Amino acid sequence: MTEDKRKVVLPGQLLGEVSRQKAGHGTFIEDGKIFSQRFGVLNDHGEYLDVVPLKGKYSAIEGDFVIGFVIEAMSSSWLVDINAPYPALLHVNEAPWKVEFGETDRYLNRGDAIMAKVLPIDETRKLQVTLNDRNLYKIKGGHLIDVEPSKVPRIIGKKGSMIALLKTYTRCRIFVGQNGRIWIDGPTEGIEKVLEVLRIIEDEALSFGLTKRIEEYLKKDAMDVQ
Amino acid sequence: MTVIPSIKSDYLGKLAEQGKRIDGRRFDEYRKIEIETHVVSKAEGSARVRIGNTQVLAGIKMDIGEPYSDSPNSGVMTTSAELVPLASPDFEAGPPGGRAIELARVVDRGIRESQIIDVDKLCVVPDEKVWMVFIDIHILDYDGNLFDTASLAALAALFSTKVPMDRFKPLFEKLKDTCPSINDYLQQHPTDYPLPLREPPISCTSVKFNNVVVFDPSLDEEEIAEGIGDVRSHGARLTVATDEKGHIRAMQKGLNGSFTKEEIQKAIKASIDNGNEIRQILYKSVGKK
Amino acid sequence: MKSDIKLIDGHGKRLDGRKADELRKIKIEAGVLHRADGSCYLEWGGNKVLAAVYGPREAIPKHTQNPLKAIVNARYNMASFSVEDRKRPGPDRRSVEISKVISEALERVILIEQFPRTMINVNIEVLDAEAGTRCAGLTAAGVALADAGIPMIDIPVACAAGKIDGHVVLDLGQKEDNFGDADLPLGLAPRINEVILLQMDGHLTMDEFNKAFELAHHGCLVVSEMQKKALLEKYESVVQPEEVVQDVQPEESE
C-alpha cells in the first residue's frame, strides 16, 4: 500500500470503508463507504484518510497564519480579504492598538497588508482574524505573491527546510501565509531570486528530492556571483 | 472588490525606478505572441491570439444587407466586444459596459479609419445590397493588454476570412429576379473568395505609472495604472496604431492620468518598432508574404 | 422540420459514417485558462466549448445570498460567430433556460452546504456549435468544477440520444438534429447513477424512450471516463511519491 499513498483522486472516487478507517478532510461517507469530495492527493494515514486538493480556494482553519489585505476600515473593525470564499473580520479588540470608535482608518486602510491569525470558526462560517499573537503586524515594504494554497506545505518544506534554504541564500525575509500569499523583503536581486525559485517549486511541487535540487541550484548560483 | 495591496504597487514602482519590470521584460518589450487562425468552423474567419496569458478569440460573420444612404456602394462593418465572465473574476454578465464598448470602438476605429477592409469591393447590387462584416471579439482569459490582443485577433480573423458565396447561393438565386444586376457580381465571384483587405496598421498599447511608460502591460501593471487599490500616482494608457510606412493611423488615450509630449513621441516611436515586429508575426500566421 | 435527406442507410450507417451507437470524436483538456479557478476546453464533433469556474466567493448582490448553502450560477452563452447565421450577442430565452437547467443539475452534485452565502459561477462559452451544445457544456462544466477543487459527490456528465428516420441512435449530429424525429439530452451523476438533466423534444414511443435512454446512459459512462482521464493527465505528471510535509506553521525570521 505504501506506493499508493500519494495517489491522485477524483470527486466521487471510492477510497475506503468506515469499518476500517476514519474519513478525514476532503472526504464524505455514503453507506459506510468513504469517497473523495475533491480532485486532489490522497493521504493514507493508516488510521484515517484525507484528500488535499490540488487547486482551490483557501479553506481557513483555526490557528492558521495568513496574509490579509484590508478591504475596508469600518467603525469598530476592518474587513480583510484572506483569499477564502469570505472576507474575514478583524475587530478592534483583536488589534494591538487602542483604537477609538470610528478611528480605525488611522491604523489600517484599504490596500494595507497584514499578517494575521485565524480565530475559531463558527458553524455559520463567519471568519475572524486577530493580530494579537507573536510577530503579527502590518506589513511594510517588500513584495507579495500568490501561490496555490495547496502548495504551501511544499514551499515551507520539511520542518521549514525549504524556507530556511531560501532565506540563507537570498538574505531575504520571507513569510509564507497558509492562504497561499507569500511576503518577501530584501534587496531587489534577492527578491527576484526567491520569485525564480518559487516558480520552480510551484511547477514541480510534488516531485522527488526537490529540496536537495533547490539547494544545489542556489549554491551554484551563489558561486557564479562570487 | 479586488484589492491590490499597496505593497505590490510600491514594489513595482521601486523596480521601475531601477529600470526593471516584475517579469524581467524591458519597458518596450512584449510578452510572447501566438496567433492561430481557422479555429471556428461556423465562422467566415476566426483567430485565437495569445499575448502572454491573455487570450482573445475573434470571429467574423458576414451577411447581405442594405448599404447606408451616404455610401450606397460600400459594404458595412460592425465591431462588438464581449467581456464574458469566463475571462476574469471581475467581469460581470450583462449588457456591454463602458469598458467593453471602449474596447470595441478602439478596435473598430483601428480597422475602419485605416480602411483595412476594402468596403468598395463588398458591393453586391449597387444602391441595394452589400456585404455586412461583423467582427465579434470574445475575451477568453484576461491577464492585461486587451486592446492589442483584441485588435490583433480581429486582424488575424479578417485575414483568414472567406466571403461566403456558396452559403448565400440560395439568397443570390432569389435576388436574380428582383435585381438582375447582381449577375455582374456573381460572374466575377463564382465561389468563396478572400475578403479584400489592405495593409493593416498594428495597435500598440502602453501604460504609465510611477512616471515610467511600459508597453504590453501585464494585469498588475494595468491595474496599478488604473488605480485599483489606493495608488497615489494616477496612471494613463495610450494606444497607437501605426502602418508599414510608420504613419500613425489611430490613437486613444485612456485613464485619469496624463502624458507629456515627449512621452507620447517616445511611445509612438516604440509603437512603430513593435508594430513592425507584430506585423511580421501576423503575416506569418496568415501565410501572407 | 422534415426533409428528403436520408439520415441512416440500410446498413445502419449514418450521414457522417457513424454506427447507431457511436459517439462523435471527443477531446477534453483540463486547466486551460490562467485567470479562472478551474477550466476545461472540450471538442465534441464540431462543438467547441470552454468552461470556467470562479468561486466559491461571497454572493453578490447580497440579497441573493443563502445562509445555508452556496448558489450555483451556470451561464451558458453562445458566441455570435458560433452558428451559421450570426447570433446577437448576449442571452436569449433559449440560453437563459439552458443556464437554469444546467445550474440545477450542478447543484445536485456540488456540496453546496459547505459554503453558505457564497456563489459558484460556472461560465460556459460555446465557440463553435454543431448540435448537442448543452451536453458538451455540462460535461465541460463537470471537468472545470473538479479542476477548481470544488467539493462534489460526483463528476457530472451529459450525452444525448435521439431518433432519426425511425431509428434510435446515440449523439445526434447537426443534420440529424435538424431533420430527425426526436432528441433526448441526458445529464448523469454517474457514480450514484441518477439523472440530473433531462429534456426531450420530438416523438418517442415507450420502447424507443427506453432504448434511447440506455444509449444516452451508456454514452454518459463513456464520456465520464474521458473526463477523468483528462483531469488525471493534466496533473499526474507533477505528482510522484515523496516525503510530503503537512501541518507546518510558517515562521517569521528576523
*asked:* Restricting to the range C:79-105, and then to whatever is buried (at least 24 other Cβ atoms within 10 Å of the Cβ) and free of Cβ contacts under 8 Å to residues at least 60 places away in the same chain, can you tell me which residue is farthest from the chain's Cα centre (by Cα)?
replied: C:Phe81
_closer than 30 Å to A:Val70 by Cα and surrounded by 20 or more Cβ atoms within 10 Å (Cβ to Cβ): is that true of B:Leu103 in this structure?_
no
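Can you pull out the residues in the range C:31-69 that are hydrophobic (A, V, I, L, M, F, W, C) and either at pLDDT 95 or above or closer than 12 Å to C:Val122 by Cα (or both)? Let's see the steps before the verdict.
Let us first name the residues in the range C:31-69 that are hydrophobic (A, V, I, L, M, F, W, C), namely C:32-33, C:36, C:40, C:42, C:44, C:49-53, C:59-60, C:68.
Correct list: C:Val32, C:Leu33, C:Ala36, C:Cys40, C:Leu42, C:Trp44, C:Val49, C:Leu50, C:Ala51, C:Ala52, C:Val53.
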*When the range C:81-99 is examined, which residues are found to be farther than 15 Å from C:Ala131 by Cα and more than 7 Å from every other protein chain (Cβ to nearest Cβ)?*
C:Lys87, C:Arg88, C:Pro91, C:Asp92, C:Arg93, C:Val96, C:Glu97, C:Ser99
*Looking only at the range C:139-168, which residues are in contact (Cβ under 8 Å) with a residue 60 or more places away in the chain, outside any helix (DSSP H, G or I) and in contact with a helix residue (DSSP H, G or I) (Cβ under 7 Å, 6 or more places away or on another chain)?*
C:Ile155, C:Val157, C:Ala158, C:Cys159, C:Ile164, C:Val168
*Is it fair to say A:Ala88 is under 19 Å from the mean Cα position of the chain (by Cα) and more than 10 Å from every other protein chain (Cβ to nearest Cβ)?*
yes
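I'd like the full set of residues that are without any contact (Cβ under 8 Å) to a residue 40 or more places away in the chain and facing chain B (nearest Cβ under 9 Å), limited to the range C:106-127. So that I can check it myself, show each step before the final result.
Looking only at the range C:106-127, we keep the residues that are without any contact (Cβ under 8 Å) to a residue 40 or more places away in the chain, and these are C:107.
Listed by number, the list is empty, since nothing qualifies.
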*Considering only residues of the range C:193-236 that are over 21 Å from C:Gly137 (Cα atoms) and in a loop (DSSP other than H, G, I, E, B), which is farthest from the chain's Cα centre (by Cα)?*
C:Thr205
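Matching residues to (1) surrounded by fewer than 21 Cβ atoms within 10 Å (Cβ to Cβ); (2) within 14 Å of chain B (Cβ to nearest Cβ); (3) at negative phi:
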| position | (1), (2), (3) |
| --- | --- |
| A:Ser75 | yes, no, yes |
| A:Val80 | no, yes, yes |
| A:Asn83 | yes, yes, no |
| A:Ala95 | no, no, yes |
| A:Glu100 | yes, no, yes |
| A:Glu103 | yes, no, yes |
| A:Ile121 | yes, no, yes |
| A:Asp133 | yes, no, yes |
| A:Tyr137 | yes, yes, yes |
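Among the residues that make up the range B:103-124, is at least one of them within 14 Å of another protein chain (Cβ to nearest Cβ), part of a helix (DSSP H, G or I) and on the phi < 0 side of the Ramachandran plot? Outline the logic, then answer.
Filtering the range B:103-124 for residues within 14 Å of another protein chain (Cβ to nearest Cβ) gives B:103-104.
Restricting the remaining residues to those that are part of a helix (DSSP H, G or I) gives B:103-104.
Checking the rest, the ones that are also on the phi < 0 side of the Ramachandran plot come to B:103-104.
So far as the range B:103-124 goes, yes, one or more of its residues are within 14 Å of another protein chain (Cβ to nearest Cβ), part of a helix (DSSP H, G or I) and on the phi < 0 side of the Ramachandran plot.
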*Can you tell me which residue within the range A:139-152, out of those that are part of a loop (DSSP other than H, G, I, E, B) and away from chain B (no Cβ under 14 Å), is surrounded by the fewest Cβ atoms within 10 Å (Cβ to Cβ)?*
A:Glu148
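For C:Ala70, indicate whether it is over 26 Å from B:Gln55 (Cβ atoms) and crowded, with 24+ Cβ neighbours inside 10 Å.
On the way: over 26 Å from B:Gln55 (Cβ atoms): yes; crowded, with 24+ Cβ neighbours inside 10 Å: yes.
Spelling it out, C:Ala70 is indeed over 26 Å from B:Gln55 (Cβ atoms) and crowded, with 24+ Cβ neighbours inside 10 Å.
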*asked:* Let me spell it out: the conditions are (1) at pLDDT 95 or above; (2) surrounded by fewer than 24 Cβ atoms within 10 Å (Cβ to Cβ); (3) within 14 Å of chain A (Cβ to nearest Cβ), and C:Pro151 meets all of them except one. Which number is the exception?
replied: (2)
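Within the range A:21-35, which residues are at the interface with chain C (Cβ under 9 Å from one of its Cβ atoms) and touching a strand residue (DSSP E or B) at 6+ places or on another chain (Cβ under 8 Å)?
Here is the first cut: in the range A:21-35, the ones at the interface with chain C (Cβ under 9 Å from one of its Cβ atoms) are A:26, A:28, A:30, A:35.
Answer for the range A:21-35, where residues must be at the interface with chain C (Cβ under 9 Å from one of its Cβ atoms) and touching a strand residue (DSSP E or B) at 6+ places or on another chain (Cβ under 8 Å): A:Gly26, A:Phe28, A:Phe35.
State the number of residues belonging to the range B:55-93 that are over 13 Å from the mean Cα position of the chain (by Cα) and either among the acidic types (Asp, Glu) or within 8 Å of chain C (Cβ to nearest Cβ) (or both).
First pass over the range B:55-93, keeping only residues over 13 Å from the mean Cα position of the chain (by Cα): B:61-77, B:83-93.
The next check asks that each one be either among the acidic types (Asp, Glu) or within 8 Å of chain C (Cβ to nearest Cβ) (or both); those that pass are B:61, B:63, B:66, B:70, B:84-90, B:92-93.
Residues in the range B:55-93 being over 13 Å from the mean Cα position of the chain (by Cα) and either among the acidic types (Asp, Glu) or within 8 Å of chain C (Cβ to nearest Cβ) (or both): 13 in total.
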_Count of residues meeting criterion [more than 8 Å from chain A (Cβ to nearest Cβ) and part of a helix (DSSP H, G or I)] in the range B:10-29_ = 4
*Taking the options C:Glu22, C:Glu43, name whichever one is more than 14 Å from chain B (Cβ to nearest Cβ) and among the acidic types (Asp, Glu).*
C:Glu22
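Do the conditions hold for B:Thr37, that is, is it hydroxyl-bearing (Ser, Thr, Tyr) and over 25 Å from B:Ile101 (Cβ atoms)? Write out each step before concluding.
Working: hydroxyl-bearing (Ser, Thr, Tyr): yes; over 25 Å from B:Ile101 (Cβ atoms): yes.
For B:Thr37, the condition - hydroxyl-bearing (Ser, Thr, Tyr) and over 25 Å from B:Ile101 (Cβ atoms) - is met.
Does the range A:45-59 include one or more residues that are of a type in the set (S, T, N, Q), touching a strand residue (DSSP E or B) at 6+ places or on another chain (Cβ under 6 Å) and within 11 Å of chain C (Cβ to nearest Cβ)?
Scanning the range A:45-59, I find no residue that is of a type in the set (S, T, N, Q), touching a strand residue (DSSP E or B) at 6+ places or on another chain (Cβ under 6 Å) and within 11 Å of chain C (Cβ to nearest Cβ), so the answer is no.
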*Where residues in the range B:6-43 are among the polar types (S, T, N, Q) and buried (at least 18 other Cβ atoms within 10 Å of the Cβ), which of them is farthest from B:Leu158 (Cα to Cα)?*
B:Ser6
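What number of residues in the range B:135-149 are closer than 16 Å to B:Arg112 by Cβ and within 14 Å of another protein chain (Cβ to nearest Cβ)? Can you show your working first?
Taking the range B:135-149 and keeping what is closer than 16 Å to B:Arg112 by Cβ, we get B:135-137, B:147.
Among the residues that remain, those that are also within 14 Å of another protein chain (Cβ to nearest Cβ) are: B:135-137.
Qualifying residue count for the region: 3.
If you go through the range B:233-258 one residue at a time, how many are touching a strand residue (DSSP E or B) at 6+ places or on another chain (Cβ under 7 Å) and within 16 Å of B:Glu222 (Cα to Cα)? Steps first, please.
At the first step, the residues of the range B:233-258 found to be touching a strand residue (DSSP E or B) at 6+ places or on another chain (Cβ under 7 Å) are B:233, B:235-243, B:248-255, B:257-258.
Of the ones still in play, those that are also within 16 Å of B:Glu222 (Cα to Cα) are B:233, B:235-239, B:252-255, B:257-258.
The number of residues fulfilling the criteria is 12.
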_I need the strands (runs of 3 or more DSSP E) fully contained in the range B:139-242, keeping only those with at least 3 residues that are buried (at least 22 other Cβ atoms within 10 Å of the Cβ) and β-branched (Val, Ile, Thr)._
B:202-209, B:236-242
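The values are calculated or read from the model by the stated rules, or taken from the named source; none is laboratory data. What you are looking at is a predicted structure, and each value in this text was computed from that prediction instead of being measured. Heads up, the Cβs are rebuilt from the backbone with ideal geometry, glycines too, and the neighbour counts pull from every protein chain shown.
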